[in-house]
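Undergrad: Submitted below is the structure of interest, expressed as C-alpha cells.
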Amino acid sequence: MRMNILQSAIVPITRKVVPRPVRLWAKDVRNARRVRRNPGRILLVNEILPAYAALGGRILWVGCRRYTKEYGSLLARNGGECWTTDIEISHAKWGEAGRHFTWDLTSIDRLIAAGSFDSVLCNGVFGFGVDTRPSQLAALKAMGSILKPGGRLLLGWNTDRVEDPLTFDFVQSAFVADAPTARGSRMAVPEAAYVYDFLRRKE
Ligand SMILES: C[S@@+](CC[C@H](N)C(=O)[O-])C[C@H]1O[C@@H](n2cnc3c(N)ncnc32)[C@H](O)[C@@H]1O
C-alpha cells in the first residue's frame, strides 16, 4: 500500500516514540481483526467448528493465534475436550490452559500416544510454517498416528501457498473422505483462495 506524505512522516516518528512490543501488539491486533473478517474464517467459525463441537470427543487444535483463543470453549461446548498445540512458545498464551503442547507438528506422534484423539483440526499451518512437501507428509503421518481409527482430520489450506495435500499417496491410503457438515468432504472458498478438506482415518 502506498503511503501519503503525512503517513511517511509519521511512521518514522512512531517507530521512535512507540516501544517495539507495543507496535508488535498493535500489528497483531490489526491482523486478528482482518482474519476474523475473512470469508473463509467466517465459514470456519460459523459452520465447521460447530460441526466438530457437535461430534465431541478429544479434539486437538493446531496453531494458536490471538483470533483462535476462543475456539477451545467453542469446540468443548457439547462436552468435548479441546487440546491445543503450536511450535512457538510465545503462542501458548492463546492455547488451552493446562491442555497445551509446545511442539513441532511434524513429530507430534513422538509426544502424543497413538490413537489418542477423536479429531485433529489443522487449519492454516501448511504454508505457514509447515511449508515443504516432506514436512507436510511428516505432519500428515504424525496426525494420522495420534488419531483413533475412524478419527477425523480437518485440513484448511491456502490454494496460493500449498499444493493440494490430497495428492499425497499417504492420504489416499490412510484416510477416507469425511463430511462433518452437510456440504461434502471439500469446501472451497475461492474468494479467499482457501480450501477445507475433511478426512477420516481408515478403521
Ligand atoms: C497462520 S497461523 C494459523 C493459526 C490457526 N491455526 C488458524 O486457524 O489461523 C500458523 C500457526 O502455525 C504454527 N506453526 C507453524 N509451524 C508449525 C509446526 N511445525 N508445528 C506446530 N505449529 C506450527 C505457527 O506458530 C502459527 O501459530
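Undergrad: Out of curiosity, is R152 among the basic types (K, R) and in contact (Cβ under 8 Å) with a residue 40 or more places away in the chain?
TA: Taking the combined requirement at face value, the residue satisfies it.
Undergrad: So for the range 131-148 (the condition being within 23 Å of V45 (Cα to Cα), away from the ligand (no atom under 15 Å from the Cβ) and either not polar (S, T, N, Q) or not assigned by TED's automatic domain parsing to the domain that holds D28 (or both)), does at least one residue qualify?
TA: Yes, that holds for at least one residue.
Undergrad: Now a separate question. Just checking, does the range 150-166 include any residue being surrounded by 21 or more Cβ atoms within 10 Å (Cβ to Cβ), under 25 Å from E47 (Cβ atoms), more than 15 Å from the ligand (Cβ to nearest atom) and in the same structural domain as W61 (by TED's automatic domain parsing)?
TA: Yes.
Undergrad: Quick test of your reading of the structure: V162 fulfils all but one of (1) within 24 Å of L74 (Cα to Cα); (2) of a type in the set (V, I, T); (3) part of a loop (DSSP other than H, G, I, E, B). Name the failing condition by number.
TA: (1)
Undergrad: Inside the range 125-149, can you point out the residues that are outside any helix (DSSP H, G or I) and surrounded by 21 or more Cβ atoms within 10 Å (Cβ to Cβ)?
TA: Those that are outside any helix (DSSP H, G or I) and surrounded by 21 or more Cβ atoms within 10 Å (Cβ to Cβ): V125, F126, V130, L147.
Undergrad: Here is a follow-up. Scan the range 72-112 for residues that are within 10 Å of the ligand (Cβ to nearest atom), more than 30 Å from P21 (Cα to Cα) and aliphatic (A, V, I, L, M) and jot them down.
TA: Matches in the range 72-112: I108 only.
Undergrad: If L44 passes every condition in (1) more than 17 Å from G151 (Cα to Cα); (2) loosely packed, with under 13 Cβ neighbours inside 10 Å but one, which one does it miss?
TA: (2)
Undergrad: Working only within the range 51-78, note down all residues that are among the hydrophobic types (A, V, I, L, M, F, W, C), farther than 19 Å from A182 by Cα and in contact (Cβ under 8 Å) with a residue 60 or more places away in the chain.
TA: Passing the criteria: I59, L60, W61, V62.
Undergrad: Continuing with this model, one more query. Of the conditions (1) touching a strand residue (DSSP E or B) at 6+ places or on another chain (Cβ under 8 Å); (2) at pLDDT 95 or above, P190 fails just one. Which one is it?
TA: Single failed check for P190: (1).
Undergrad: In the range 88-105, which residues are farther than 14 Å from W61 by Cβ and within 14 Å of the chain's Cα centre (by Cα)?
TA: E88, D104
Undergrad: Quick one: which residue in K27, K69 is among the basic types (K, R) and under 15 Å from the mean Cα position of the chain (by Cα)?
TA: K69
The values are calculated or read from the model by the stated rules, or taken from the named source; none is laboratory data. Quick caveat: nothing in here was measured; it's all calculated off a predicted structure. Positions of Cβ are backbone-derived with ideal geometry, glycine not excepted, and every protein chain shown enters the neighbour counts.
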